[in-house]
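The values are calculated or read from the model by the stated rules, or taken from the named source; none is laboratory data. Not measured: the values here are computed from a predicted model. All Cβ positions, glycine included, derive from the backbone under ideal geometry; neighbour counts span all protein chains shown. In case anyone asks, the SASA skips ligands and DNA or RNA and just uses the protein heavy atoms, side chains included. Shrake-Rupley method; radii C 1.70, N 1.55, O 1.52, S 1.80 Å.
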Amino acid sequence: MGMIRVRFAPSPTGYLHVGGARTALFNWLFARKEGGKFILRIEDTDLERSSRQMSIQILKALRWLGLDWDEGPFFQSKRLKIYTGIAERLLKEGKAYHCYCTKEEIEERKNKAESEGKAWKYDRRCLNLTKQEKERFEKEGRPKAVRFIVPEGRTEFRDLVLKDIRVKNEEIEDFVLIKSDGYPTYHLSVVVDDHLMKISHVIRGADHIANTPKQIMLYKALGWSPPQFAHLPLILGADRKKLSKRHGETSLLSFKKKGYLSLAMFNFLAQLSWSPGEEKEFYEVKELVEKFSLEKVRHSNPVFDFEKLSWLNSKMISSLPVEKIWDELLPFFEKEGIKDEIGRRGEWSKRMISLVKERARNLEDLASIAKRYVRSDFEYRQDAVKKFWKKDSRERILKLKEAFAKTEPFTADETEKALRDLADKMGVKAGELIHPLRVALIGERVSPGIFEVLEILGKEEVLSRIRRAVKNWGQVLH
RNA sequence: GCCCCUGUAGUCUAGCCAGGUGAGGACACCGCCCUUUCAAGGCGGCAGCACGGGUUCAAGUCCCGUCGGGGGCGCCA
């Protein structure tokens, strides 16, 4: 067997959504596993709907996911001559013909057939044109398309994911190869490019199953041998309909924006319809590559579970070392306006993040939590204030401040000792000090262990934050 | 309507090809423990082979049918 070569071939008519990303991912995984090449091709032959902007977005999204390509991106819009040349050849060989029917004419005949309860298929009107009719159309300057002559018989192929698929050719109409605007259709360009680019395996969404026989006929007509096909189940929304904007944001980059780790996305997508077969939830990219196989791809359509993705994301954020998430975190610091402070405080910032990241659902969360540690001008959360800043707790916090002023070194252990001693002395439970203190330090009712928080903030900052809290006590209380 | 694909808990899945351990794991949900809070973590619970026939000593696993879900039926890709 020759070189393994696969491709991802999006059309730049919209953002790269999670379904497309999953297709790209499986192609990439397969290429890396088999030591083959991953080729990127932009299918922009629909000039109405394609845009350069979208092409750029798609490349950006792929890079974010970590899918690097070995060749391309190739743009089909720059290869038009190749496709029209192949169409000419089919015309010459009597395997295709010009069609002068307009959209309206076809629509009319189709409606008529359907109202008579007949299944519609292009009626080959233009295949049977007389010489005179043809000349008349030419003289009228009617635009013409090129249609492929679907041969008789049946077409079958072995799908690497599914199984043998077989259709009768009579189910298929003479499909268009070249549109009347001179541009090739998908069927032509995909076959020509996959052949010329020596693609060995076509891995794509199951929505292409019905297209495959058409494409195989084309390969045969051209005397080329078709690649292997593998069709991936379609990702569904919670209502079991094909995932779309109706189910919320589904563009890949929107997940980046919302603070998802690319590795979380990678794992989640890789494990939709496929499983490494082990009882663990997340893997290094390398492991996924090693274990990947097309045969193990499931046949049924998976539902995209936002909850599970979110869980995976938070679990990764809390368990990965700071260094591994740092780069992806920077844009979120910037959005919170704390990028400079974070940078200035170097190692301290990393320690602080590793302390607070366990509680973050996503990177956006994490940056906003971090902000309270970096800057002391936060707002006190009202529900926290109401619950914990009682009248007598103000006095206790003042006492605590005095005790902290004398605490040396200002570590988690020492501050804990100081706080518990004081609580004992005052005859109150430690919680009576801890809760108001938490609100004073970060203005929230939740945080990591309070003594860790004290240590990371440092004595000076703690005393200053308590001072500010005490000053505000009366005002925010009622 | 026609054609094609598909069916293990609410969801993602292991097991199916080479029939035979109380159908395993995870998300979500519920309870308990831990605890200064919230998460996390630990322990436990709820819940599944779509249905009906066959083949077989034995069927989630093989065969057929029914039903359910999805996709396609464009001069979109």
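Each residue in the range A:304-333 was checked for being touching a helix residue (DSSP H, G or I) at 6+ places or on another chain (Cβ under 9 Å), aromatic (Phe, Trp, Tyr) and within 16 Å of RNA strand B (Cβ to nearest atom), and 2 of them qualify.
Of all residues in the range A:45-102, those being within 13 Å of RNA strand B (Cβ to nearest atom), in a helix (DSSP H, G or I) and closer than 23 Å to A:Ile199 by Cα number 7.
Of the helices (runs of 4 or more DSSP H) lying entirely inside the range A:269-364, those containing at least 1 residues that are in contact with a Lys or Arg (Cβ under 6 Å, 6 or more places away or on another chain) and over 26 Å from A:His17 (Cβ atoms) are A:306-319, A:322-336. A:Lys425 falls short on exactly one of the conditions (1) in contact with a helix residue (DSSP H, G or I) (Cβ under 8 Å, 6 or more places away or on another chain); (2) more than 16 Å from RNA strand B (Cβ to nearest atom); (3) of a type in the set (Lys, Arg), and that condition is (1). Residues that are within 22 Å of A:Pro436 (Cβ to Cβ) and open to solvent by 40 Å² or more (accessible area, probe 1.4 Å) were ranked within the range A:351-373; the one that is nearest to the chain's Cα centre (by Cα) is A:Arg359. Here A:Ser254 meets the list (1) open to solvent by 80 Å² or more (accessible area, probe 1.4 Å); (2) over 24 Å from A:Phe30 (Cβ atoms) almost entirely, failing just condition (1). Report, ordered by the first and then the second residue, all pairs with beta carbons closer than 6 Å, sequence separation of six or more or different chains, a first member in the range A:399-410 that is of a type outside the set (A, V, I, L, M, F, W, C), and a second member that is open to solvent by less than 100 Å² (accessible area, probe 1.4 Å). The qualifying pairs are A:Lys401/A:Ile466; A:Thr407/A:Glu414; A:Thr407/A:Thr415; A:Thr407/A:Ala418.
The residue list A:Leu16, A:Leu59, A:Leu67 contains one member that is over 25 Å from A:Ala221 (Cα atoms), touching a strand residue (DSSP E or B) at 6+ places or on another chain (Cβ under 8 Å) and free of Cβ contacts under 8 Å to residues at least 24 places away in the same chain, which is A:Leu59. The requirement of being open to solvent by 20 Å² or more (accessible area, probe 1.4 Å) and in contact (Cβ under 8 Å) with a residue 60 or more places away in the chain is not satisfied by A:Gly36.
So, in the range A:154-169, exactly how many residues are touching a strand residue (DSSP E or B) at 6+ places or on another chain (Cβ under 8 Å) and part of a loop (DSSP other than H, G, I, E, B)?
Here the count works out to 3.
Please enumerate the residues belonging to the range A:437-465 that are near RNA strand B (Cβ under 6 Å from one of its atoms) and charged (D, E, K, R). Answer for the range A:437-465, where residues must be near RNA strand B (Cβ under 6 Å from one of its atoms) and charged (D, E, K, R): just A:Arg445.
Does at least one position in the range A:19-38 carry a residue that is within 14 Å of RNA strand B (Cβ to nearest atom) and in a loop (DSSP other than H, G, I, E, B)?
no
Test A:Ala113 against the criterion of being surrounded by 14 or more Cβ atoms within 10 Å (Cβ to Cβ) and hydrophobic (A, V, I, L, M, F, W, C), and give yes or no. Against the criterion (surrounded by 14 or more Cβ atoms within 10 Å (Cβ to Cβ) and hydrophobic (A, V, I, L, M, F, W, C)), A:Ala113 qualifies. Checking each residue in the range A:319-331 for being over 15 Å from A:Ser262 (Cβ atoms) and either surrounded by 15 or more Cβ atoms within 10 Å (Cβ to Cβ) or among the aliphatic types (A, V, I, L, M) (or both) picks out only A:Val322. Give me the residue from the range A:258-268 that is open to solvent by less than 10 Å² (accessible area, probe 1.4 Å) and not in a loop (DSSP other than H, G, I, E, B) and, out of that set, nearest to RNA strand B (Cβ to nearest atom). Across the range A:258-268, the extreme among qualifying residues is A:Asn267. Taking the range A:385-414 as the range and being among the hydrophobic types (A, V, I, L, M, F, W, C), more than 21 Å from A:Lys471 (Cβ to Cβ) and open to solvent by 20 Å² or more (accessible area, probe 1.4 Å) as the test, only A:Phe410 passes.
Summed over the range A:172-221, residues that are farther than 22 Å from A:Lys103 by Cα and not hydroxyl-bearing (Ser, Thr, Tyr) total 27. A:Tyr260 - would you say it is closer than 30 Å to A:Lys95 by Cα, modelled with pLDDT of 95 or more and hydroxyl-bearing (Ser, Thr, Tyr)? For A:Tyr260, the condition - closer than 30 Å to A:Lys95 by Cα, modelled with pLDDT of 95 or more and hydroxyl-bearing (Ser, Thr, Tyr) - is not met.
Scanning the range A:277-303 for residues that are open to solvent by less than 10 Å² (accessible area, probe 1.4 Å) and within 10 Å of RNA strand B (Cβ to nearest atom) yields a single hit, A:Val297.
Anything in the range A:121-141 that is loosely packed, with under 14 Cβ neighbours inside 10 Å and outside any helix (DSSP H, G or I)? List them, or say none. Residues satisfying the conditions are A:Thr130, A:Gly141.
Of the residues making up the range A:223-247, those that are farther than 16 Å from A:Val202 by Cα, open to solvent by less than 60 Å² (accessible area, probe 1.4 Å) and over 13 Å from the mean Cα position of the chain (by Cα) are A:Leu236, A:Gly237, A:His247.
Within the range A:374-384, if we keep just the residues that are in a helix (DSSP H, G or I) and out of contact with any Ser or Thr (no Cβ under 8 Å at 6 or more places or on another chain), the residue that is surrounded by the most Cβ atoms within 10 Å (Cβ to Cβ) turns out to be A:Ala384.
Just give me the residues in the range A:415-447 being of a type outside the set (A, V, I, L, M, F, W, C) and open to solvent by less than 10 Å² (accessible area, probe 1.4 Å), in sequence order.
A:Thr415, A:Pro436, A:Gly443
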